[in-house]
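Working notes, beginning with the structure itself.
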Amino acid sequence: MTRKDRTTAQVVAELSRDPAFAAAWALSAPKVALAANVSRLREERGLTQAELAAAAGMKQPRIAEMERGDANPTLETLTRVALALRVPVEALVADGGDTRAAVQGYARLAG
């Protein structure tokens, strides 16, 4: 397998053998997951950043910060975004496949 053929998860696993990288990744991984999930969930719903922000009661730059991985949102902010997207808060910060399971579980409960 060449370097180009490796997945992000494989690269992270390899680099995580270094304790310094592992510690840094542990701190940044939730922001990376949040950025990917907010962007994906917003796009799946056909919303612009401005539309999501309005539905969540905030300004568009806050959504942009989250989607870039530059935000450190409060629990209240995460809850507002989750409610606007009609997902549980867990779906915003879940890593990988956990996101879909969280959304499906919430949909069953919200019925």
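The values are calculated or read from the model by the stated rules, or taken from the named source; none is laboratory data. Treat the numbers as computed from the prediction; the structure is a model and nothing was measured. A quick note on method: Cβ atoms are made from the backbone with ideal geometry, for glycine too, and the neighbour counts reach across all protein chains shown. Note: accessible area is taken over every heavy atom of the protein model, side chains too, but ligands, DNA and RNA are not part of it. Shrake-Rupley method; radii C 1.70, N 1.55, O 1.52, S 1.80 Å.
Odds and ends about this structure:
- Scan of the range 1-56 for residues that are aliphatic (A, V, I, L, M) and under 17 Å from V89 (Cα atoms), ordered by number: A29, V32, A33, L34, A35, A36, V38, L41, L52, A53, A55, A56
- Enumeration of residues in the range 10-20 that are among the polar types (S, T, N, Q) and open to solvent by 70 Å² or more (accessible area, probe 1.4 Å): Q10
- Only one of the numbered conditions (1) open to solvent by less than 30 Å² (accessible area, probe 1.4 Å); (2) without any contact (Cβ under 8 Å) to a residue 40 or more places away in the chain is not met by L83, and that is (1).
- Among the residues of the range 21-57, the ones that are buried (at least 17 other Cβ atoms within 10 Å of the Cβ) and part of a loop (DSSP other than H, G, I, E, B) come to 1 in all.
- Residue ID - nearest to the chain's Cα centre (by Cα), chosen from residues in the range 76-111 that are closer than 18 Å to P30 by Cβ and modelled with pLDDT under 65: T99
- Top-ranked residue in the range 58-94 [being among the basic types (K, R) and outside any helix (DSSP H, G or I); ranked as nearest to A36 (Cα to Cα)]: R86
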